[in-house]
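A.B. asks: First the structure, which I've put down as structure tokens, then a few questions once you've had a look.
The values are calculated or read from the model by the stated rules, or taken from the named source; none is laboratory data. Remember, predicted model here, so these are calculated numbers, not experimental data. In this analysis, Cβ positions are derived from the backbone assuming ideal geometry, glycine residues included, and neighbour counts consider all displayed protein chains. Protein only, heavy atoms only, side chains kept; ligands, DNA and RNA dropped before computing areas. Shrake-Rupley method; radii C 1.70, N 1.55, O 1.52, S 1.80 Å.
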Amino acid sequence: MTDVQLGMPALPARPYPEEVHARLVADAAELIGRYPVARSALLPLLHLVQAEEGFVSPTGIRFCAEQLELTTAEVTAVATFYTMYRRRPAGEYHVGVCTNTLCAVLGGDEIFAELQQHLGVKNNETTEDGRISIEHIECNAACDYAPVVMVNWEFFDNQTPESAKQLVDDLRAGREATPTRGAKLCSFKDTARILAGFPDERTGAVDESGAGGAPSLAGLRLARGEALPGTGGTRVVSPRHEGTEA
């Protein structure tokens with residue numbers, strides 16, 4: 001009979017060790033207390049357990065269910081719906097390559113294919129040293145910087161196959177890799193804890209998050225009647241308030 005993996009947890013799942021369980025219970029209580037209905041905290045709780053193990057394990061499913069008085073089936077239904085919750089351990093650096101339409105035609109498909117060959121892993125697999133996992137992403141919501149690669153959900157814009165291979169080589173070698181936009185990189189587990197709703201304690205990390213770059217703000221500037229660089233001062237769209245009284 002064919003071994004089919006459906007992503008469902010193997011039950012019964014073992015509990016966390018006592019000291020880990022006590023720590024997670026305290027964190028879970030803080031998250032649950034932010035919502036008027038306890039089950040609304042399920043998404044943050046899934047990020048919390050992912051921060052513990054690097055993926056949402058059967059143990060993590062059981063923990064979330066117990067904290068929210070849900071069934072493991074209810075938790076599993078949510079955990080397997082959202083792609084940011086991994087079903088197998090991620091690497092220290094999780095690399096997502098956008099292969100949606102615009103990124104794909106501008107080189108995303110080529111980048112993803114070459115990275116798999118370069119790393120010797122396939123989609124949703126992790127290198128033997130545990131440093132890099134790779135995944136194709138349907139959309140990184142950054143079409144104006146295509147093709148885009150993300151590492152632990154931080155942007156590396158306008159990539160090529162060569163720059164992407166250099167990026168993963170730097171990460172594996174412990175060399176610093178600076179995102180095009182956003183805060184400096186931290187581990188996948190640390191990123192998951194931030195996504196759960198706990199503050200990023202690193203000095204200056206919040207200020208580094210920044211705002212939209214020039215390509216993202218081009219439409220807003222045009223709507224305001226401003227001229228874009230390289231257009232010779234021509235306004236494509238008149239300001240909305242032009243010809244009206246203040």
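A.B. asks: Within the chain, what's the longest stretch lacking GluC sites (Glu not before Pro) that sit in DSSP loops with no more than 11 other Cβ atoms inside 10 Å?
C.D. replies: Value returned for the longest uninterrupted segment is 1-68.
A.B. asks: For the chain, list the cysteines whose Cβ sits under 4.7 Å from no other cysteine Cβ?
C.D. replies: Within the chain, the cysteines lacking a partner Cβ under 4.7 Å are Cys64, Cys139, Cys143, Cys186.
A.B. asks: Sticking with this one: Can you find, among Pro147, Ile132, Asn100, the residue farthest towards the positive end of the dipole of the chain? Put +1 on the C-beta of Lys and Arg, -1 on that of Asp and Glu.
C.D. replies: Asn100
A.B. asks: Compute the distance in nm between two label points, each set 7 Å from the Cα along the Cα-to-Cβ direction, one at Asp109 and one at Arg88.
C.D. replies: 2.4 nm
A.B. asks: Let me ask you something else. Ignoring ligands, DNA and RNA, what percent of the 1.4 Å accessible area of the chain is carbon and sulfur?
C.D. replies: 54 percent
A.B. asks: Excluding the sites themselves, what is the longest stretch of the chain that contains no chymotrypsin sites (Phe, Trp or Tyr not before Pro) in a DSSP loop with at most 11 other C-beta atoms within 10 Å?
C.D. replies: So the longest stretch without any such site is 83-246.
A.B. asks: Same structure, new question: Given labels modelled 7 Å from the Cα in the Cβ direction, how far is it in nm from Arg131 to Ala77?
C.D. replies: 4.2 nm
A.B. asks: Give me the percent relative contact order of the range 53-207, please, defined on Cα pairs under 8 angstrom at least 6 residues apart.
C.D. replies: In percent, rounded to a whole number, it is 21.
A.B. asks: Around Pro161, under 11 Å between beta carbons, what's the net of Lys plus Arg minus Asp minus Glu among the other residues?
C.D. replies: Summing Lys and Arg as +1 and Asp and Glu as -1 gives -3.
A.B. asks: Quote the relative contact order of the range 42-126 in percent (integer), defining contacts as alpha-carbon pairs under 8 Å separated by 6+ residues.
C.D. replies: Values: 69 pairs, mean separation 20.5, N = 85.
Averaging sequence separation for qualifying contacts and normalising by length gives 24 percent for the range 42-126.
A.B. asks: Just the accessible area per residue of the chain, please: how many Å² with a 1.4 Å probe? Mind dumping the intermediate values first?
C.D. replies: Details: 13830 Å² over 246 residues.
I get 56 Å² per residue for the chain.
A.B. asks: Straight-line reach only, C-alpha to C-alpha below 26 angstrom: list the lysines that Lys122 could link to, leaving out same-chain residues fewer than 8 apart.
C.D. replies: Correct list for Lys122: Lys165, Lys189.
A.B. asks: To the nearest Å, what is the center-to-center distance of the range 46-96 and the range 129-186, using C-alpha atoms only?
C.D. replies: First find each Cα centre; the distance between them is then 23 Å.
A.B. asks: In nm, to one decimal, how far is the modelled label at Leu217 from the one at Arg23, with both set 7 Å along Cα→Cβ?
C.D. replies: For the pair Leu217/Arg23, the computed spacing is 4.1 nm.
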